[in-house]
1. Look at region 103-126 and say how many of its residues are hydrophobic (A, V, I, L, M, F, W, C), in a helix (DSSP H, G or I) and modelled with pLDDT under 75.
2. Mind checking which residues of region 1-55 are under 30 Å from H85 (Cα atoms) and basic (K, R)?
3. Taking region 84-98 as the region of interest, how many residues are at pLDDT 70 or above and surrounded by 13 or more Cβ atoms within 10 Å (Cβ to Cβ)?
Amino acid sequence: MKRLFIYVLLMAFGSVGFTQTVQAAIIGTEQIHASAAAQQNQAKITAAFNRPEVLAQLEQMGVNKADAQARVAALTDEEAATLAHQIDSLPAGGDIVGALLVIFFVLLVTDILGLTKVFPFTRSHR
């Protein structure tokens, strides 16, 4: 009996190091809605970038497609929401140049701030 007690005690102390703690929290409706909205905004912006006329205009401006897509993927939720709203506010089939200018200026500002390296003319030569 004494031997059985010692084995049980050793097993109990041995398994103490293997216990894991788990924490759970309730996710609010706002968080779910914000996540879904952010995914929709990213999808809308990506769809706009994949249009042939947009790609052609970006190439004319000297923007590499891969760099632009990387920057779109790096947009914050607020920036993506603003850009998606501007895409939504454009007339149907119309002013794609306005959207391109917005994208150009977003990329330009992020280049000037040093967040991206899309345009070579924004880099200072030291």
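The values are calculated or read from the model by the stated rules, or taken from the named source; none is laboratory data. What you are looking at is a predicted structure, and each value in this text was computed from that prediction instead of being measured. Every residue, glycine among them, receives a Cβ derived from its backbone with ideal geometry; neighbour counts consider all protein chains shown.
1. 1
2. Matches in region 1-55: K44, R51.
3. Selection size over region 84-98: 3.
The rows are residues; the columns are (1) modelled with pLDDT of 80 or more; (2) more than 21 Å from the chain's Cα centre (by Cα); (3) of a type in the set (D, E).
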{"site": "Y7", "(1), (2), (3)": "yes, yes, no"}
{"site": "T19", "(1), (2), (3)": "no, yes, no"}
{"site": "Q23", "(1), (2), (3)": "no, yes, no"}
{"site": "E30", "(1), (2), (3)": "yes, no, yes"}
{"site": "N41", "(1), (2), (3)": "yes, no, no"}
{"site": "I45", "(1), (2), (3)": "yes, no, no"}
